[in-house]
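Step one of this worksheet: look at the structure below.
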Amino acid sequence: MNELKSPLLKIENLQTQFKTSEGIIKAANNVSFEIYPGEVIGIVGESGCGKSVTALSIMQLIPKPHGEIKDGQILYKNKDILNLNEKEMQKIRGNEISIIFQEPMTSLNPVLTIEKQLTEQMLLHLGLKYKDARLKAIELLELVGMPDPKSILKKYPHNLSGGMRQRIMIAIAISCNPKLIIADEPTTSLDVTIQAQILETLKSICETSDTALVLITHNLGIIARYAKRVIVMYAGKIVEEGNAVDLYNSPKHPYTLGLLRSVPKLNSSPDANLEAIPGNPPDLNNLPNGCSFQPRCYLINEKCNVEPTITPVSDQHRTACWNYTELN
Amino acid sequence: MSKSLIQINNVKMHYKSSGLSLFRKSQQTVKALDGVTLSINEKETLGLVGESGSGKTTLGRCVLNLIKPTEGYVSFNGLILNELNSKQMRSIRKQIQIVFQDPYASLNPRMTCGDIIAEPIIIHGLIPNKTEREHKIKSLLETVGLNPNIINRYPNEFSGGQRQRIAIARALAINPKFIVLDEPISSLDVSIQAQIINLLKKLQRQFNLTYLFIAHDLSVVSNISNRVAVMYLGHIVEIADTADLYKNPKHPYTKALISAIPIPDPTLESQRKRLILKGEVPSPINPPSGCVFRTRCPIADEKCSTTNPTLKKISETQHVSCLKIS
């Protein structure tokens, strides 16, 4: 489907590490994937699986000096952005690639008005005059569905609800017409009915402006609704990647299958038990040898003591499991 | 039909706030609960769903008598809780327990896991003998799926799911009849959520427990509840048997909540029509007149702004509070 286009962003063997008192943690371990122009790609996984670290690595916002991108390439439009200096990176951040964080309560500056925060990027990247930037800000607020944009501009983040703040974050993210938006758990802290509003807004904006969207979440339902391609991460690695329909209908990794089975179905009876994944999420300080999912997996054999590499199952489907053929 | 264990009768919880003004003595009232009537039957799980600010946690606290309602009453086994003196209340407390949302905040970091579970047993003077008590704690740990040898370890050594198991063991320690589960799985990872739900179901069967399961997510509640009550701004808008509520939701808010749950199936999702509500939940300080949901309701008309809807019975198992449904 995408063979004709060249990827907008290509990540190759990304290794991001953190130094801790207990040793070095490989938060993103050999992560490779591609993002094509205008597509919606979902990254799913539990806490500590490396999904946010991957996002921060793309933006080069890994906290230093504890964190470090040890190895790998991040090619944006065929240029390795890991080689850019801070000044050059600033031209990309917000302008070409922008990010929406999970916590709209903490990602906006509490002492600046919405007007200031919304126009800042446009003044910097687009070189607009203040008057024009302000007009564009009003347009953006309308676009993200804020009532009465002019009065909103004068407000501070604390005047707004969580959902409204996340709309402001979206408005900031799209203000410079980026080619790629990374949304890191954009609706996790919001109420269900507000979640639906925000995601629909984000989706329609990306569709109309042909912006690629990386949707990072732990919610398999959200991914199923919005993403065309899905990446599943576990313990810092990609364990499965595929077209959404294939991956949901016939998962090729026991972790993906386990995740799908453990989600409560709406029509299930209260007497039936859920099929939970046994054990606990991995401790990155203390990973088992070989496959990281081993201790929780029901398919293990001797092969699993060797770390599996991600291999293609079919044209657009990859998995990192030795025994995927035995999966039912 | 089993007999009802808890009766919540027209409970109102109005908080007075002074409204942060130096010059004006404006007494504003936050209507956290505004006339809630419910009953919870023995051995059943009642799911209580609503968005933030809907009053679900306040209701949970009223049921535990942690706060006294400004109007109405809660009765447990026929005893009206706010009429009891503290000694009588203490004997009731043995039968009701709570598990909180955040197991990182609800366990004392300076107590060992054994001491945490022992505390309610000691307070109620149930097992004075130390060896016997330790025995009981170990068996409780086994019941909730933990290794009994962790008795001397501290909460920081455990993951979120394990901590929640410890919190559940503490709630079970005094053999309660009724447990309020206040979003017990919201802060846990997806793969752990299912484990905890399964554990709660197992314990319910084993000890004949009654649950009030509070959550903001209908899909989680569907899997554990016999009946579900949907709350909005301090009111119950719909209450029904779980199957009826999901198959045939009547209230427009319930419909919107169900439609807002994304289903983990891309093919189904692409065919699904969604009902997305406009706007946000209004402030409980100044709720809309008439039906509180009317400002976001797709089918509201003038009548909805003047008349207060009441919970009406539309079938043997389903009650709805909407003027447009007869």
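None of the figures in this text is laboratory data; all of them are computed from the coordinates on show. Nothing here was measured: the structure is a model prediction, and the numbers come from that model. As a convention, Cβ positions derive from the backbone with ideal geometry for all residues, glycine included, and neighbour counts pool all protein chains shown.
Is one or more of the residues making up the range A:86-93 under 30 Å from A:G163 (Cβ atoms) and either in contact (Cβ under 8 Å) with a residue 40 or more places away in the chain or not hydrophobic (A, V, I, L, M, F, W, C) (or both)?
Narrowing the range A:86-93 to residues under 30 Å from A:G163 (Cβ atoms): A:90, A:92-93.
This time we only want the ones that are either in contact (Cβ under 8 Å) with a residue 40 or more places away in the chain or not hydrophobic (A, V, I, L, M, F, W, C) (or both), so: A:90, A:93.
Within the range A:86-93, one or more residues are under 30 Å from A:G163 (Cβ atoms) and either in contact (Cβ under 8 Å) with a residue 40 or more places away in the chain or not hydrophobic (A, V, I, L, M, F, W, C) (or both).
Of everything in the range B:139-163 that's charged (D, E, K, R) and under 19 Å from B:I196 (Cα atoms), which residue is farthest from the chain's Cα centre (by Cα)? Step through it out loud before you land on a result.
Here is the first cut: in the range B:139-163, the ones charged (D, E, K, R) are B:142, B:153, B:157, B:163.
Checking the rest, the ones that are also under 19 Å from B:I196 (Cα atoms) come to B:142, B:157, B:163.
Numbers: B:E142: 26, B:E157: 28, B:R163: 19 Å.
Among those residues, the one meeting the criterion is B:E157.
The criterion of being within 16 Å of B:I8 (Cβ to Cβ), surrounded by 20 or more Cβ atoms within 10 Å (Cβ to Cβ) and in contact with a helix residue (DSSP H, G or I) (Cβ under 8 Å, 6 or more places away or on another chain) holds for B:L81. Scanning the range B:186-204 for residues that are touching a residue at least 24 places away in the same chain (Cβ under 8 Å) and either touching a strand residue (DSSP E or B) at 6+ places or on another chain (Cβ under 8 Å) or part of a helix (DSSP H, G or I) (or both) yields a total of 10. The criterion of being farther than 27 Å from B:K31 by Cα, within 12 Å of chain A (Cβ to nearest Cβ) and buried (at least 17 other Cβ atoms within 10 Å of the Cβ) holds for B:P264. Within the range B:37-76, the set of residues being in contact with a strand residue (DSSP E or B) (Cβ under 8 Å, 6 or more places away or on another chain), of a type outside the set (A, V, I, L, M, F, W, C), more than 30 Å from B:Y246 (Cα to Cα) and assigned to a loop (DSSP other than H, G, I, E, B) comprises B:N65, B:P69, B:T70. Among the residues making up the range B:254-285, those that are under 24 Å from the mean Cα position of the chain (by Cα) and part of a loop (DSSP other than H, G, I, E, B) are B:I261, B:P262, B:I263, B:L277, B:E280, B:V281, B:P282, B:S283, B:P284, B:I285.
Scanning the range A:285-320 for residues that are closer than 26 Å to A:A244 by Cα and polar (S, T, N, Q) yields a total of 7.
For A:N243, the conditions (1) surrounded by fewer than 19 Cβ atoms within 10 Å (Cβ to Cβ); (2) touching a residue at least 24 places away in the same chain (Cβ under 8 Å); (3) under 21 Å from B:Q195 (Cα atoms) are fulfilled apart from (3). Listed conditions (1) within 14 Å of chain B (Cβ to nearest Cβ); (2) surrounded by fewer than 19 Cβ atoms within 10 Å (Cβ to Cβ); (3) of a type outside the set (G, A, S) are all met by A:K150, apart from (1). Please pick out the residue among A:T217, A:T187, A:T193, A:T208 that is without any contact (Cβ under 8 Å) to a residue 40 or more places away in the chain and under 14 Å from the mean Cα position of the chain (by Cα). Just one listed residue meets the conditions, A:T187. The residues of the range B:242-253 that are in contact with a strand residue (DSSP E or B) (Cβ under 6 Å, 6 or more places away or on another chain) and either part of a loop (DSSP other than H, G, I, E, B) or facing another protein chain (nearest Cβ under 9 Å) (or both), listed by number, are B:T242, B:K250, B:H251, B:Y253. Can you find a residue in the range B:186-194 that is buried (at least 22 other Cβ atoms within 10 Å of the Cβ), among the small types (G, A, S) and touching a helix residue (DSSP H, G or I) at 6+ places or on another chain (Cβ under 8 Å)? Yes, the conditions are met somewhere in the range B:186-194.
Just a yes or no: is a residue in the range A:124-143 within 14 Å of chain B (Cβ to nearest Cβ), buried (at least 22 other Cβ atoms within 10 Å of the Cβ) and in a helix (DSSP H, G or I)? Walk me through it before giving the result.
Our first condition is that a residue be within 14 Å of chain B (Cβ to nearest Cβ); within the range A:124-143, this holds for none.
Taking every residue of the range A:124-143 in turn, none turns out to be within 14 Å of chain B (Cβ to nearest Cβ), buried (at least 22 other Cβ atoms within 10 Å of the Cβ) and in a helix (DSSP H, G or I).
Within the set B:R133, B:R110, B:R170, the sole residue that is surrounded by fewer than 20 Cβ atoms within 10 Å (Cβ to Cβ), assigned to a helix (DSSP H, G or I) and charged (D, E, K, R) turns out to be B:R133. When only residues in the range B:199-231 that are more than 7 Å from every other protein chain (Cβ to nearest Cβ) and charged (D, E, K, R) count, which is nearest to A:L260 (Cα to Cα)? Step by step, filter the range B:199-231, then rank; the result is B:K202.
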